[in-house]
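Step one of this worksheet: look at the structure below.
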């Protein structure tokens, strides 16, 4: 057994990479640890599939509950099921980091599997996994223009002097105090992937964080490079680009106008060019005497189109749809479309149309997430839903794709920093963004639509949030054009999809993936400047329709009240065997939940009934003072006296000796059940029982 093991210290934690011991059947495997967090990465290489005309890379992140010493909470199912959203997002993060550096002509099947084996609650498994994948690919036989590295950056403001500072790979406890969660993957020179959630952090601060991440990544990349020289396998040969000269010559000489018309149509409506291009492909197929198949012809046409689009943008600043390079498409904004939902908004930018719907509920409806690092409750949930009709196509309706999960999570990140606290707004919140038509950055449309929908629902957001997708076309590192609000065609033909969401005050979320070898610092600076201009323009259009949240939630939304009674009163609220609380729920037709931390949540659609239930609970927990006077109802009569409910749910005893000035033989001679009487508290005994006396 040939085992290689090397280590590197990263910010006080030991990174250890071990090759050759585990999973020996694959091309390459590495067992990686950072502190007590551990992952196993395997790289398996399969044969070329002749039916696939793209690079078949798959990246799978497998969470295991045993990594955190946990057993699945379900009573019936103990095996891990389908990947959690968090696992999908981690897999996507790594995929987006490594994919740009594979040669486009390489067609062997490559599968990267990351298995989480141990978590310590301090060191981030996602960062460790990305570094381990980079090291595995670097020493594998797969041609890959790495290595890369990935780090996480936090940003904390602390102290009376407002001292600020960046934190490298913050722990979970440190991240609680951070206003920035920035993950950056890069080579030594360029940035390949960014994933960010920020509490309205200024663009300049995030750029500083990106530069810090690049600098820290350099040390790790040098460490992996040494490993590669030591144990790296011989790389597979990179296939040459196919020769489509004969097809391209025919396209340029005979079909340039119909192809250009198809491109123009594609810029206007995604997917609308398919029929036009298929007709051209059929004609070329016959013209070239069936020498090339349809896939080859379509590949040649696509290359021709992309080359022309890039050339026109670089040389003439001419985009396929005729816009200026920094121009946002036409905007249309509308709120309160749906009659019975709690909040709704339609956001349309060009041909991308998003309908976002908000639903409010009791905090008891929070989503419980179970993972290796324990359980957590999600109060705000955003779901992204895109049917095939959004592209003008037919297709199977299935569960959410990895892309849909990623887009939903991005919109969720963008909105979370502006949400009110649970104390200020005690609701669980779900937003669904229905993508009605799609041609460029529906995820950023979801951000804008969700912000509008939430304000329409009366959720007191700190600020409105908008998002925009930026693109780039490059001739060199110094000669490039940044594009604002890219359409689908520019996404495919271009080299970048840089999504930026934020408020007037700062950035709340970023997601970057590239198709080139990465972005320079100068490119990133220009993208931020141009992106901010577009973001503010979109926010201005949104504010013209709704500039602040509704004063009240929809009348169709439940009213939710959270009470924090004294701990010694919880038993009195619940009653023996739950008798009191069940009776209150039945009488008021509300939902009442007593949580483990002592909070009591009251919710219901009938606001008067909710107020009644809240008043009842408050009266139970209220401290009655000697000398207070009440008017109450006689509820029970016994031989020695009568019980009077002087407050809802709160009774006191009037002894026969306290029913009048003279002698009272029987309480039945003075009162009857249901009678209203005036009483005064004259004593509260050691057991908390209230003794009353009747007053005229």
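The values are calculated or read from the model by the stated rules, or taken from the named source; none is laboratory data. Since we're looking at a predicted model, the values are computed, not measured. Positions of Cβ are generated from backbone atoms using ideal geometry, with glycine treated the same way; all protein chains shown enter the neighbour counts.
Details
- Residue 486 meets the conditions (1) touching a helix residue (DSSP H, G or I) at 6+ places or on another chain (Cβ under 9 Å); (2) closer than 27 Å to residue 418 by Cβ in every case but one. The failed one is (1).
- Some residue of region 409-431 being modelled with pLDDT under 90, crowded, with 18+ Cβ neighbours inside 10 Å, assigned to a helix (DSSP H, G or I) and not assigned by TED's automatic domain parsing to the domain that holds residue 68: no
- Subset of region 424-441 [under 22 Å from residue 562 (Cβ atoms) and in contact with a strand residue (DSSP E or B) (Cβ under 8 Å, 6 or more places away or on another chain)]: 426, 427, 428, 429, 430, 431
- Residue match in region 154-171 (condition: under 27 Å from residue 46 (Cα atoms), buried (at least 18 other Cβ atoms within 10 Å of the Cβ) and touching a residue at least 24 places away in the same chain (Cβ under 8 Å)): no
- Residue 18 surrounded by 17 or more Cβ atoms within 10 Å (Cβ to Cβ), assigned by TED's automatic domain parsing to the domain that holds residue 224, closer than 16 Å to residue 123 by Cα and out of contact with any helix residue (DSSP H, G or I) (no Cβ under 8 Å at 6 or more places or on another chain): no
- Hey, residue 464 farther than 30 Å from residue 100 by Cβ, at pLDDT 95 or above and surrounded by 21 or more Cβ atoms within 10 Å (Cβ to Cβ) or not: yes
- So residue 459, is it in a loop (DSSP other than H, G, I, E, B), buried (at least 24 other Cβ atoms within 10 Å of the Cβ), under 22 Å from the mean Cα position of the chain (by Cα) and in contact (Cβ under 8 Å) with a residue 40 or more places away in the chain: yes
- Filtering 257, 252, 215 for residues that are in the same structural domain as residue 30 (by TED's automatic domain parsing), out of contact with any strand residue (DSSP E or B) (no Cβ under 6 Å at 6 or more places or on another chain), exposed (fewer than 15 other Cβ atoms within 10 Å of the Cβ) and in a helix (DSSP H, G or I) leaves a single hit, 215.
- Checked against the criterion of being assigned by TED's automatic domain parsing to the domain that holds residue 456, over 30 Å from residue 592 (Cβ atoms) and under 31 Å from the mean Cα position of the chain (by Cα), the candidates 365, 360, 355 yield just one match: 355.
- Taking region 288-326 as the range and being surrounded by fewer than 12 Cβ atoms within 10 Å (Cβ to Cβ) and on the phi > 0 side of the Ramachandran plot as the test, the residues that pass are 289, 290, 322.
- Contacts under 7 angstrom Cβ, first residue in region 51-64 being in the same structural domain as residue 102 (by TED's automatic domain parsing) and under 15 Å from residue 103 (Cα atoms), partner assigned to a loop (DSSP other than H, G, I, E, B) and modelled with pLDDT of 95 or more, 6 or more apart: 55/102; 57/102
- Within region 471-495, the residues that satisfy the criterion of being under 23 Å from the mean Cα position of the chain (by Cα) and assigned to a helix (DSSP H, G or I) are 488, 491.
- Sole exception among (1) modelled with pLDDT of 95 or more; (2) over 25 Å from the mean Cα position of the chain (by Cα) for residue 51, by number: (1)
- For region 21-34, the set of residues classified as touching a helix residue (DSSP H, G or I) at 6+ places or on another chain (Cβ under 9 Å) and farther than 21 Å from residue 144 by Cα consists of 33, 34, listed by residue number.
- Counting the residues of region 379-408 that are in a helix (DSSP H, G or I) and farther than 30 Å from residue 180 by Cα gives 4.
- Of the residues making up region 345-378, those that are part of a strand (DSSP E or B) and under 30 Å from residue 62 (Cβ atoms) number 10.
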